[in-house]
Amino acid sequence: MENTKNLIYLDNAATTQVDEEVFEAMKPYFCELYANPSSVYSFAGEAAFAVDKARKQIAHLIHAKEREIYFTGGGSESDNWTLKSVAEQYAKKGKHIITTKIEHHAILHTAEYLEKHGYEVTYLNVDAEGRISLKELEAAIRPDTILISVMAANNEIGTIQPLKEIGKIAKAHDVLFHTDAVQAFGHIPLDVDEMNIDLLSASGHKIHGPKGIGILYVRKGVKISSFIHGGAQERKKRAGTHNVPGIVGMGKAAELAERRMQASMKQISELRDYTIDRIEKEIPYCRLNGDRKDRLPNNINFCFRFIEGESLLIMLDAKGICASSGSACTSGSLDPSHVLLAIGLPHEIAHGSLRMTLSEATTKEELDKVVDELKGIIERLRSMSPLYEDFVKEQVSA
Ligand SMILES: *Cc1c(COP(=O)(O)O)cnc(C)c1O
């Protein structure tokens, strides 16, 4: 993979470049093998075979069975489907759901929707590193709890949750365990059996696959409602003609992610730590957000005091650097990130956040250039801040 133009693309948590190999695998399913895989003639068989193959590739990556993988329109759909359908199917047992304060909005807004419809939701706190407390989780479980939904890794600060321990607790209390694994899937090892995961959401475009395709893993025996009514696709649970090129692309991306995972984790996390180290040494008054060790290999997230995240992004953009202030969803709103507030940062500090998410294509040269630019930009922005001026005076007189 190569980066487009002269851009330095450091927003791989928002989306990734489609891998050439993935694109090549998808191509035949547009103009040549365009049949509807549900048709009976043999021409359709090739498309059906391709869908089956992708299902195998994806199942393999998380140690699931093929028939436990349902294709969806992306991570948001898988999250919506999980919450709404577990709520419906298990309402007789109870109407209580446990999730966390740092979930993606696809979970949080669905949970809020359910609250309006008679469900009760507990939002677990996280510590300063963004990790939930297993004690708090266990204490939150009630006889009417039907679902625990905890994300595998956070999309803003990269913290990885103790999935195996959460799965153990869920199983001991006979409560279903769902994980939004959109950021973890294909990036770090996941094993639905070892981790006692009952439902898992993943998305194609976060792993160098195409956009608009995702999966929901549903353990055999777990009851789910039909999310889209219509044809008999996806075991009658998710109607609509299969997005064959998208499915083939996500399957290929999963296969490549599995094959490259070990090498890629090592390569990317070394660059991550190198960059974190440089920033901490060379830029004063910064704070690394997220856990230092239990962290996605590609995630860097800092707060810089006396800096406004938006201004930082605009100035980086002028240098051809694509980064984010935490999550794509906060743009257009002036509220600081709910994740940064949940880890205990005050508003004014949470506003000065910068997320940089790497890929296999990211080079050390690029990161060196970014840190160099960042130093200059932060110095300039601070020199314009009266608050910073006061702060420096206080430091001197103290
Ligand atoms: C990107 C993302 C989603 C949404 O996935 P889409 O495929 O874009 O709908 C959900 N959860 C997390 C953690 C994400 O990072």
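The values are calculated or read from the model by the stated rules, or taken from the named source; none is laboratory data. Everything quoted here is computed from the prediction, not taken from an experiment. With ideal geometry, Cβ positions are generated from the backbone for all residues, glycine too; neighbour counts draw on all protein chains shown. Areas reflect the complete protein model, heavy atoms only, side chains present, ligands, DNA and RNA absent. Shrake-Rupley method; radii C 1.70, N 1.55, O 1.52, S 1.80 Å.
Being open to solvent by less than 60 Å² (accessible area, probe 1.4 Å) and free of Cβ contacts under 8 Å to residues at least 24 places away in the same chain holds for only one residue in Cys303, Cys286, and it is Cys286. Note on the range 238-255: residues that are crowded, with 19+ Cβ neighbours inside 10 Å, over 19 Å from Glu46 (Cα atoms) and touching a strand residue (DSSP E or B) at 6+ places or on another chain (Cβ under 6 Å) total 1. Taken over the range 67-85, residues that are under 16 Å from His229 (Cα atoms) and either within 16 Å of the ligand (Cβ to nearest atom) or assigned to a loop (DSSP other than H, G, I, E, B) (or both) amount to 10.
Go through the range 204-245 and count every residue that is of a type outside the set (Ser, Thr, Tyr), under 19 Å from the mean Cα position of the chain (by Cα) and within 16 Å of the ligand (Cβ to nearest atom).
Quick first cut of the range 204-245, residues of a type outside the set (Ser, Thr, Tyr) only: 204-216, 218-224, 227-240, 242-245.
Within this subset, residues satisfying the condition of being under 19 Å from the mean Cα position of the chain (by Cα) are 204-216, 218.
From what's left, within 16 Å of the ligand (Cβ to nearest atom): 204-216.
Result for the range 204-245: 13.
Restricting attention to the range 10-34, the residues that are away from the ligand (no atom under 16 Å from the Cβ) and either within 22 Å of Ser325 (Cβ to Cβ) or open to solvent by less than 60 Å² (accessible area, probe 1.4 Å) (or both) total 6.
Is it true that Leu147 is away from the ligand (no atom under 16 Å from the Cβ), more than 29 Å from Thr357 (Cβ to Cβ), modelled with pLDDT of 95 or more and open to solvent by less than 50 Å² (accessible area, probe 1.4 Å)? Taking the combined requirement at face value, the residue does not satisfy it.
Tell me which residues, restricted to the range 209-236, are assigned to a loop (DSSP other than H, G, I, E, B), open to solvent by 60 Å² or more (accessible area, probe 1.4 Å) and among the charged types (D, E, K, R). Break it down stepwise before answering.
Taking the range 209-236 first, the residues assigned to a loop (DSSP other than H, G, I, E, B) are 209-213, 219-227, 229-232.
So of that shortlist, the ones also open to solvent by 60 Å² or more (accessible area, probe 1.4 Å) come out as 211, 220-221, 223, 227, 229-230, 232.
Selection gives Lys211, Lys220, Lys223.
Scanning the range 24-51 for residues that are outside any loop (DSSP other than H, G, I, E, B), under 23 Å from His229 (Cα atoms) and over 25 Å from the mean Cα position of the chain (by Cα) turns up Ala44, Ala47, Ala48.
From Thr179, Thr159, which residue is within 16 Å of the ligand (Cβ to nearest atom), farther than 17 Å from Leu108 by Cα and not acidic (Asp, Glu)?
On the way: Thr179 fails: farther than 17 Å from Leu108 by Cα.
Within the list Thr179, Thr159, the selection yields Thr159.
The residues in the range 82-138 that are small (Gly, Ala, Ser) and either closer than 16 Å to Thr179 by Cβ or touching a Cys at 6+ places or on another chain (Cβ under 7 Å) (or both) can be counted, and the count is 4.
Suppose the filter is open to solvent by less than 70 Å² (accessible area, probe 1.4 Å), among the polar types (S, T, N, Q) and under 14 Å from Ile378 (Cβ atoms); does Ser311 pass it? Considered against the rule, which asks whether it is open to solvent by less than 70 Å² (accessible area, probe 1.4 Å), among the polar types (S, T, N, Q) and under 14 Å from Ile378 (Cβ atoms), Ser311 comes out as yes.
Yes/no per residue for (1) more than 30 Å from Ala54 (Cβ to Cβ); (2) in contact (Cβ under 8 Å) with a residue 40 or more places away in the chain; (3) more than 21 Å from the chain's Cα centre (by Cα):
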| position | (1), (2), (3) |
| --- | --- |
| Gly73 | no, yes, no |
| Thr82 | no, yes, no |
| Thr99 | no, yes, no |
| Glu115 | yes, no, yes |
| Tyr119 | yes, no, yes |
| Asp127 | yes, yes, no |
| Arg142 | yes, yes, yes |
| Ile146 | yes, yes, yes |
| Val150 | no, yes, no |
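Considering Ala184, Ala140, the condition of being farther than 30 Å from Ser269 by Cα and of a type in the set (Gly, Ala, Ser) is satisfied by Ala140 alone. Buried (at least 24 other Cβ atoms within 10 Å of the Cβ), modelled with pLDDT of 95 or more and not in a helix (DSSP H, G or I) - does that describe any residue in the range 86-97? Scanning the range 86-97, I find at least one residue that is buried (at least 24 other Cβ atoms within 10 Å of the Cβ), modelled with pLDDT of 95 or more and not in a helix (DSSP H, G or I), so the answer is yes.
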